[in-house]
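Engineer: Got a structure for you, questions after.
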Amino acid sequence: MKELNKVMPYLLLAPSVVFLVFFFFSPFVETFFIAFKNAEGGYGLHSFRKMYDDLNFFVALKNTIFLLFAVVPLQLVLAVWMSLTLRKIKKFRGAILYIWTIPLGISDLAAGIIWLSILTERGYLNTIFLNLGFIEKPELWLSYEHPLLLFAAVAIAEIWRSLALVLLIIIAGLQLIPKEYDEAADVFGAGAFRKLFRVTLPLLKPSIQSALILRSILALEVFAVAVAIGGTNLPVLASEAYNWMANYLDYGVASAYALVLLALSIISTLGYLFFLRTPADAA
Amino acid sequence: MRKKAILYYGLGIFFCLSVLLPIYFLIVLSVSGRDAVYAWPKIFYVANLDWSMFRFFFEVEGVTRAMFNSVLVASLTVVFAIGLGTPAAYALARYNFFGKNFYRIAILFTRAFPVAILALPLTVRFINLGIYDTIWAVVIVHTALALPFSILIQSNLFQSVPKELEEAAWLLGCTKLQAFFKIMLPICMPSVAATAIFAFIISWNEVFAAAVLTVKNRTLTAFLISQISESPLFFQITGSFFLVIPTLFFIFIVRKYLFSLWGITNK
Amino acid sequence: MKNLLLNILSAKYFFLAMLMGLGLTAFSFAEVVFYSTQMRPVEEAKKIREKVLANFSGNVDFVPDETPIWITKIQAENKTGKVTVSLLGGLHGDFSPVASALDNVDDVLGKISGNNIVDTFVKTGKLGGNSQKYIPWAQATYIMAAHKDALAYLPKGADVNALSYNQLAQWGQNMEEALGERKIGFPAGPKGLMHRFFQGYLYPSFTDGVVRTFKSKNAENMWAKFRRFWHQSVSPRSTSFNNMSEHLLSGEVLVAFDHTARLIPAFNERPNDFVAFPAPSAQYGRGFMAVIVGLAIPKGAPERTEASDLIRYLTSKEAQLTVLEEIGFFPIIDIELPSNLPKGTQLAGDAVSLQSSSSDALPALLPSGLGTKGGEFSKVYKDTFETIVFRNANISKVLEAQAKKLTAIMQESGASCWAPDAPSKGPCPVK
């Protein structure tokens, strides 16, 4: 019995391990080989140099990082705000929560197209502006001439699409906070903001940390939204990786881009782990 | 107090509207016909119902097959993600063993990896296996994407079931396997189902791998992305409509479990 | 305890076996898979299936795909010997990277001699070798289109059928001044064919070359002019346009450049609203590019006989005319065009023949011999355009930097020059 207890967990893990090794980790390792392979067959930085020299590399890097900074913090603030609001709502709580989480199931591709149809020249936003008297004829916002607006449009679509994820993690975290803390703070007469910053947020730290980690990784991978709304005007790292693979058939450069993405993911994750660390008592 | 309630509900409704309006516009556009897509100024409601976009969409060859493939791929992904994930999740939840933390971290690590590049070396591997351009190729990649979620989510679900329940069953003479099927599974069934739907959504929405690994046996997303940049806006809108609508139902079904799915990620 | 394990395992295998059974029913078809880089846009593909292939006696599955994926797939099938595709459709340049995977089709060519394919087209199908690698199927080119409302703003004395680039610029400026909007459109979106404009139209017209003259003095002047033109007259939405007929119909632009097949839908929908006309000219002539679409059979094709029947059908007069009427690719066989063509097709057809027969016509060939570097080659032109026009960079510096990349691409692929560049021995040099 005891023997089996020792072997059992490994037996249970075995199928998933075999699967992931074969279909996840080994292709992952292969990517390194592809990225560092030179044209002549040896290994070196050829692909990285080509990526570095490319017109779009720094633009894509900049766009990706800026999007991360524009999207993730705003999502966090909105999510905390929404979940605190939800705490005060008793009736229709379920319905409201369902509606708020709908975008969780919406693909980035569809989200990009939806927002394109709203923000485009003859879209709904301009119709509203027309009715309000801001504009007289279709105005073009999403073009290379308004890089900031283009960027904002992508950011809005991205926030809309993936806010639900952050929201869920935060709400779940809030539920773990015992009501007593809240009440204690009330007893001591703490104001709403004081309570938020002194009690709620510190207690939410683990949830905030995991929300930030997960969302940042996903934000770095932004692809379909940027392509659908920005076309070629807003290159991001993932779209460049795709282009180098699908259009220029250079797997080396594509893999180099992927490794840059990976590096950024790891840096951001380590950053959150470090700056938002909590005592390691909980299992 | 009353004023505050109004404020909270006002905020609640405001956030609801910001989620729903874009989807509402999508639906209005989808059933208003081609001309409405290019119309200026836009009308905010369905002026006259026009199914021509749907007709066009379904007349395009490959659409129905792609939809069928999408459902099939997503269902198979669910089966594999649950089938491979449940034992692993149980092991994580109930056993202490050497390498447990390493396994956990390795699984978490899969999230930090850009999906796009996974498909690249796999293309070659699948060609050698002879399953390139079959739904199996897509199923495998989607399983690789959904499996980590399935494992982590389920292990937390299992952990939340008091161990005593199972132990009581053992004392009453159940084998471990029986205890698992008679105690754990019934308790966790709804949440496992939610995990399953989540895996379904992952697969349903995945674009890149599906597009790279298939040519003939496309899923709906792969079909759309291969056509989308060369198809008129109204076709893209109908395509999005069919991508979005099913997920409204899925999220509705799993709405109660979304927390147990996501709340646990901070462990 | 062993039983327990067995239980787990057998339950699992049973489950898997059930699934396998379920999944296998999903794919079992027997037909000619026709895999093409052309006629990709949904509406074109739909017409190929419903109007062209429907009249063929056999069963055909038409699968359009993007060139790079098309190349990967063909190479993959060739490598593993598991060939599922029986017929390939692609541009001349698409076939060269997969030449070794193509079966010789001399026998097919023999069988269809009655179809009267124009000889010059047949020759290009040998891909420089001795045996026939592909059989020409259709041709297309790029022309200009304008809404009739735009004609009022034509500069004085300009003939729309013999326009120069200076006049086009003036035209655009007139429209901008009168309408307050920039109304000329180019397909510079992610899937647009803008690069062909540089390779087949702008560079030949202004420099009499594409590769050799890439960073010449003429090229510098050309880019300076084009940048001014773009900011004065070209719709800023152009960078998201992939298919100009959509934007002509919606009125977003009044004048546009695009592939014939991507303009004809607009002509056919409102033939009385539009005019079609040749591309403009500059000091070296009226540069234009013709595109040949060919058909090939991969080695080991599962349905070779059926595929060769399909080739015979597709090169027949009936099918050639249907392709022209429905999707705007022109015949490669020697026939008189009937007078009862759809009005829109007629419009385009007239502009095409005006373009190729104009006194200053300067035909440019499609890039060839680039192998898998075709995408990167086009990227050089798109990047040059983007840096110069959108990032307002120093023209000679950009050309210098991009010329290095261009040289590397020519060296790596070993492609020799094509018209209008003077022929070269070995890789085409960038002067």
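Computed from the coordinates by the stated procedures, all read-outs in this text should not be read as laboratory data. Note that the coordinates shown come from a computational prediction; the quantities given were computed from them, not determined experimentally. All Cβ positions, glycine included, derive from the backbone under ideal geometry; neighbour counts span all protein chains shown.
Engineer: Just checking the output field for C:55-65: average partner chain Cβ neighbours within 10 Å of each residue's Cβ?
Structural biologist: Values: counts 0, 0, 0, 0, 0, 0, 3, 2, 6, 4, 5.
Average neighbour count from other chains, rounded to a whole number: 2.
Engineer: Once amide H atoms are built 1.01 Å from N in the peptide plane, which residues 5 or more positions from residue B:32, or in another chain, come under 5 Å H to H?
Structural biologist: The answer is B:50.
Engineer: Continuing with this model, one more query. Just counting partner chain Cβ atoms within 10 Å, what average do the residues of peptide A:240-247 show around their Cβ?
Structural biologist: 6
Engineer: Moving on to the next point. Any chance you could list the semi-axes, whole Å, largest first, of the equivalent ellipsoid that the Cα gyration tensor gives for segment A:1-117, using √(5λ)? If you can, show how the numbers build up before the last one.
Structural biologist: Values: eigenvalues 309, 221, 36 Å².
Gyration-tensor ellipsoid for segment A:1-117: 39, 33, 13 Å.
Engineer: Let me check the size of the protein assembly as shown from its C-alpha atoms; what are the radius of gyration and Dmax in Å?
Structural biologist: 30.0, 102
Engineer: Follow-up question, since we're still on this one. Quick one: compute the contact order of chain C, relative version, from alpha carbon pairs under 8 angstrom and 6+ residues apart, as a percent. Write down the numbers at each step before the final one.
Structural biologist: Numbers: 778 pairs, mean separation 98.8, N = 431.
So the answer I get is 23 percent.
Engineer: Compute the FRET efficiency between residue B:189 and residue A:69 as 1/(1 + (r/R0)^6), taking r as their Cβ-Cβ distance and R0 = 35 Å, and round to the nearest 0.05. Show your work: numbers first, answer last.
Structural biologist: On the way: r = 42 Å, r/R0 = 1.20.
With R0 = 35 Å, the Cβ-Cβ based efficiency is 0.25.
Engineer: Here is a follow-up. Could you work out how far apart the two model spin labels at residue C:283 and residue A:181 are, taking each label as a point 7 Å from the Cα in the direction of the beta carbon, and quote it in nm?
Structural biologist: Label at residue C:283, label at residue A:181, 7.6 nm between them.
Engineer: Grab the DSSP H runs of the protein assembly as shown that are 4 residues or longer, score each as -39,500 (n - 2.57), total them, divide by all residues and round the 222 nm result to the nearest 500 deg cm²/dmol.
Structural biologist: Numbers: 45 runs with 589 residues, N = 981.
Rounded to the nearest 500, it is -19000 deg cm²/dmol.
Engineer: Relative to the Cα centre, what is the charge dipole magnitude of the protein assembly as shown, using +1 at the beta carbon of each Lys and Arg, -1 at the beta carbon of each Asp and Glu, and rounding to the nearest 20 debye? Could you put the intermediate results ahead of the total?
Structural biologist: Numbers: 85 positive and 70 negative charges, 671 e Å.
That gives the protein assembly as shown a dipole magnitude of about 3220 debye.
Engineer: Can you work out ³J(HN,Hα) from phi for every residue in segment A:152-161, in order, using Karplus 6.51 cos²θ - 1.76 cosθ + 1.60 and θ = phi - 60°, giving whole Hz and x for Gly and Pro?
Structural biologist: Coupling constants for segment A:152-161: 4, 4, 4, 4, 4, 4, 5, 5, 4, 5 Hz.
Engineer: Using alpha-carbon positions, what is the distance between the centroids of segment C:60-109 and segment B:5-81, in Å?
Structural biologist: So the two Cα centres are separated by 37 Å.
Engineer: Can you give the FRET efficiency to the nearest 0.05 for residue B:181 and residue A:205, using r as the Cβ-Cβ distance and R₀ = 35 Å? Intermediate values should be presented prior to the final figure.
Structural biologist: Numbers: r = 39 Å, r/R0 = 1.10.
For R0 = 35 Å, the calculated efficiency reads 0.35.
Engineer: Please list, ordered by chain and number, the residues whose modelled amide H lies under 5 Å from the amide H of residue C:102; skip anything fewer than 5 residues away on the same chain.
Structural biologist: C:299
Engineer: Could you calculate the FRET efficiency of residue A:39 with residue B:3 from 1/(1 + (r/R0)^6), where r is the beta carbon distance between them and R0 is 51 Å, rounded to 0.05?
Structural biologist: Numbers: r = 71 Å, r/R0 = 1.39.
The value I calculate is 0.10.
Engineer: With θ taken as phi - 60° and the coefficients 6.51, -1.76 and 1.60, list the Karplus ³J(HN,Hα) couplings across segment A:117-122 in order, rounded to whole Hz; mark glycine and proline as x.
Structural biologist: These are the phi-based 3J(HN,Hα) values: 5, 7, 8, 5, 3, 9 Hz.
Engineer: What ratio of Cα Rg to 2.2 N^0.38 Å holds for segment A:126-283?
Structural biologist: Working: Rg = 21.4 Å, N = 158, 2.2 N^0.38 = 15.1 Å.
In units of the 2.2 N^0.38 Å rule of thumb, it is 1.42.
Engineer: Could you pull out the chymotrypsin sites (Phe, Trp or Tyr not before Pro) across segment B:17-89 that fall in loop regions by DSSP (anything but H, G, I, E, B) with no more than 13 other Cβ atoms inside 10 Å?
Structural biologist: Numbers: sites: B:24, B:25, B:38, B:44, B:45, B:51, B:54, B:56, B:57, B:58, B:68, B:80; in loops: B:44, B:45, B:51.
Of the chymotrypsin sites (Phe, Trp or Tyr not before Pro), the ones in loops of segment B:17-89 whose Cβ has at most 13 other Cβ atoms within 10 Å are B:45, B:51.
Engineer: Report D for chain C in µm² per second (integer): Stokes-Einstein, Kirkwood Rh on Cα pairs, 20 °C, 1.002 mPa s. All intermediate terms of the calculation are to be shown ahead of the outcome.
Structural biologist: On the way: Rh = 23.2 Å.
The diffusion coefficient I find is 92 µm²/s.
Engineer: Right, next: Output ³J(HN,Hα) for segment C:239-251: one whole-Hz value per residue in order, computed from phi by the Karplus curve 6.51 cos²θ - 1.76 cosθ + 1.60 with θ = phi - 60°, and x for Gly and Pro.
Structural biologist: My calculation for segment C:239-251 gives 5, 10, 7, 10, 9, 6, 5, 4, 7, 5, 5, 7, x Hz in order.
Engineer: Right, something else. Counting Lys +1, Arg +1, Asp -1, Glu -1, what net charge surrounds residue B:29 among other residues with beta carbon under 14 Å of its beta carbon? Before the final figure, lay out the partial values.
Structural biologist: Values: positive: A:122, B:34, B:42; negative: B:35, B:50.
In short, +1.
Engineer: With a cut-off of 12 Å, note down the residues of segment C:242-257 whose backbone N falls inside the zone around a label point 7 Å from the Cα of residue A:135 toward its beta carbon.
Structural biologist: No residue qualifies, since no backbone N sits under 12 Å from the label point.
Engineer: Follow-up question, since we're still on this one. Return the distance in nm (one decimal) between the two label points of a simple spin-label model at residue C:424 and residue B:49, each offset 7 Å from Cα along Cα→Cβ.
Structural biologist: If labels sit at residue C:424 and residue B:49, their model points lie 6.4 nm apart.
Engineer: Right, next: In nm, what is the difference between 0.36 nm times the number of residues separating residue C:232 and residue C:82 and their Cα-Cα distance? If you can, show how the numbers build up before the last one.
Structural biologist: Details: separation 150, 0.36 × 150 = 54.00 nm, distance 5.41 nm.
My answer for the length gained is 48.6 nm.
Engineer: Here is a follow-up. Got a sec? Charge dipole of segment A:96-244, +1 on Cβ for Lys and Arg, -1 for Asp and Glu; which of A:165, A:189, A:175 is way out at the positive end?
Structural biologist: A:189
Engineer: Using modelled backbone amide H atoms (1.01 Å from N, in-plane), which distant-in-sequence or interchain residues come within less than 5 Å of residue C:36's amide H?
Structural biologist: Residues meeting the criterion, in which the H sits 1.01 Å from N, are C:63, C:65, C:89.
Engineer: In addition: On a full-extension model of 0.36 nm per residue, what is the gain between residue C:99 and residue C:357, subtracting their alpha-carbon distance, rounded to one decimal in nm?
Structural biologist: On the way: separation 258, 0.36 × 258 = 92.88 nm, distance 3.27 nm.
Additional length available on full extension: 89.6 nm.
Engineer: Rounded to the nearest Å, what's the spacing between the alpha carbon centres of segment A:32-94 and segment B:186-202? Just the number, please.
Structural biologist: 29 Å
Engineer: Among C:349, C:125, C:300, which one shows the biggest mean-square fluctuation in a GNM of chain C, springs joining Cα atoms closer than 10 Å?
Structural biologist: With Cα springs under 10 Å in chain C, the top fluctuation among C:349, C:125, C:300 is at C:300.
Engineer: If the reach is capped at under 23 angstrom between alpha carbons, list the lysines near residue C:82, excluding any in the same chain fewer than eight residues apart.
Structural biologist: Candidates past the 8-residue exclusion: B:216, C:73, C:133, C:299.
Engineer: Can you give the three extents of the C-alpha atoms in segment B:56-260 along their principal axes, from longest to shortest, in whole Å?
Structural biologist: 65, 37, 26
Engineer: Let me ask something else about it. Counting only other chains, and only Cβ atoms inside 10 Å, what mean value do you get across the residues of A:53-66? Can you show the working numbers first?
Structural biologist: Values: counts 3, 3, 13, 3, 0, 0, 2, 0, 0, 0, 0, 0, 0, 0.
Per residue, the number of nearby Cβ atoms from other chains is 2 on average.
Engineer: Here is a further query. For chain A, set up a Gaussian network in which alpha carbons nearer than 10 Å are linked by springs, and say which option among A:176, A:132, A:78 fluctuates the most.
Structural biologist: So, out of A:176, A:132, A:78, the one fluctuating most is A:132.
Engineer: Quick one: longest stretch of chain C between exposed loop GluC sites (Glu not before Pro), exposed meaning at most 16 other C-beta atoms within 10 Å and loop per DSSP? Working shown, then result.
Structural biologist: Numbers: sites that count: C:31, C:181, C:336.
Free of exposed loop sites, the longest segment is C:182-335.
Engineer: I need to check one value: relative contact order of segment B:1-98, counting alpha carbon pairs closer than 8 Å and at least 6 residues apart, in percent.
Structural biologist: Numbers: 32 pairs, mean separation 16.2, N = 98.
Averaging sequence separation for qualifying contacts and normalising by length gives 16 percent for segment B:1-98.
Engineer: Just to confirm a number: summing +1 for Lys and Arg and -1 for Asp and Glu over residues other than residue C:304 whose beta-carbon lies under 12 angstrom from that of residue C:304, what do you get? If you can, show how the numbers build up before the last one.
Structural biologist: Working: positive: C:299; negative: C:103, C:107, C:303, C:306, C:309.
Charge balance near residue C:304 sits at -4.
Engineer: Counting Lys and Arg as +1 and Asp and Glu as -1, what is the net charge of the other residues whose Cβ lies under 11 Å from the Cβ of residue A:55?
Structural biologist: Numbers: positive: C:379, C:382, C:391, C:405; negative: A:53, A:54, A:240, C:383, C:386.
Taking every Cβ under 11 Å from that of residue A:55, the sum is -1.
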